[in-house]
1. Which condition breaks for Ser117 when tested against (1) within 15 Å of the ligand (Cβ to nearest atom); (2) among the polar types (S, T, N, Q); (3) open to solvent by 10 Å² or more (accessible area, probe 1.4 Å)?
2. Could you tell me which of the residues Leu115, Leu91 is within 17 Å of Met145 (Cα to Cα) and free of Cβ contacts under 8 Å to residues at least 60 places away in the same chain?
3. Consider Glu139 carefully, then state whether it is among the acidic types (Asp, Glu) and buried (at least 22 other Cβ atoms within 10 Å of the Cβ).
4. Which of the helices (runs of 4 or more DSSP H) found entirely inside the stretch 10-119 contain at least 2 residues meeting this: within 30 Å of Phe266 (Cβ to Cβ)?
5. Of all residues in the stretch 177-205, count the ones that are part of a loop (DSSP other than H, G, I, E, B) and either touching a Leu at 6+ places or on another chain (Cβ under 6 Å) or more than 24 Å from Ala23 (Cβ to Cβ) (or both).
6. How many residues does the stretch 226-260 hold that are more than 13 Å from Thr212 (Cβ to Cβ), part of a strand (DSSP E or B) and modelled with pLDDT of 95 or more?
7. So which of Glu96, Glu63 is of a type in the set (D, E, K, R) and away from the ligand (no atom under 16 Å from the Cβ)?
8. Tell me, please, whether a residue that is among the aromatic types (Phe, Trp, Tyr), open to solvent by less than 20 Å² (accessible area, probe 1.4 Å) and at pLDDT 95 or above can be found in the stretch 64-77.
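The values are calculated or read from the model by the stated rules, or taken from the named source; none is laboratory data. Nothing here was measured: the structure is a model prediction, and the numbers come from that model. In this analysis, Cβ positions are derived from the backbone assuming ideal geometry, glycine residues included, and neighbour counts consider all displayed protein chains. Areas reflect the complete protein model, heavy atoms only, side chains present, ligands, DNA and RNA absent. Shrake-Rupley method; radii C 1.70, N 1.55, O 1.52, S 1.80 Å.
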Amino acid sequence: MMVETRRRNDKNKVIITAALAGAYPTKDMNPAVPITPKELAEDAIECYEAGAAVVHIHVRDDEGKGTMDYAKFEETVNSIRDAKCPVVINLTTSGEPGADSAKRMAPFIGLRPELASFDAGSMNWGRNNVFLNEPAFLEELGLKMQECGVKPELEVFDMGMLYDSIYYIKKGIIKAPAHFQICLGAPGGMEATTENLLFCVNHLPEDCTWSTFGIGKGALEITYAGIALGGGIRVGMEDNIYYSYGVLAKSNAQFVERTARLVREFNKTPATPDEAREILGLNKC
Ligand code: ZN
């Protein structure tokens, strides 16, 4: 049973986020993964046209590796803005393992997207490396985002991160109403199941908005459950290179199109970027 008040999400509008590439999937895994700033910008526009209100952006270096290189972010963001695409831009702060705090924060400081990711804790990622987000970095990050008028998207991969997010809200590092992204199915984090999603949603602070996604085999289950529970939905090749079992996705837009279709079948409507701005309070940061 879900506590009704634990969300400010609009009852009828669903914010679809397209996570275009992340830091890891390569063209060898799926040739449709966008790598260059031009490919990323084209995908962002295509996803907007398919119904995404938000695009979550990582960039790659010339070898295709995840990087926090400012110039690559600048080229990507400027290409989307120059095309007059109104989609809400969300930049990662976790695009390059080992990058220092200045490098991780520079893209949102310089380019002022409306959203940027805030990974609310550390974890063993994929059982082979540490996804490091030290307390001192998180405090610096939260305060710098407030100073820049960039809203944090609180990415929580387990309940510890969810509770630490609430701690940061109480401490004033994060301003309420906060926006959560419930990230399920990452190896090292909580599994992508409806039960886990419901548990997370029931423990969110009352004054917040939220979205969710599943990585890998639980992806579609989380899409359906997230729509049913009133959340926003994130899809895209950062989280899944397969569209269905054994079938590679043709594009990021293909995921967005399916999600928009499911939202409509549920008698809801994909939010436009401006509706997303209103729901998330982006104009008030
Ligand atoms: Zn990301």
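1. (3)
2. On the way: Leu115 fails: free of Cβ contacts under 8 Å to residues at least 60 places away in the same chain.
Going through Leu115, Leu91 in turn, the sole match is Leu91.
3. Here the answer is no, as Glu139 does not meet what is asked.
4. So the answer is 37-50.
5. Here the count works out to 7.
6. Selection size over the stretch 226-260: 4.
7. Glu63
8. yes
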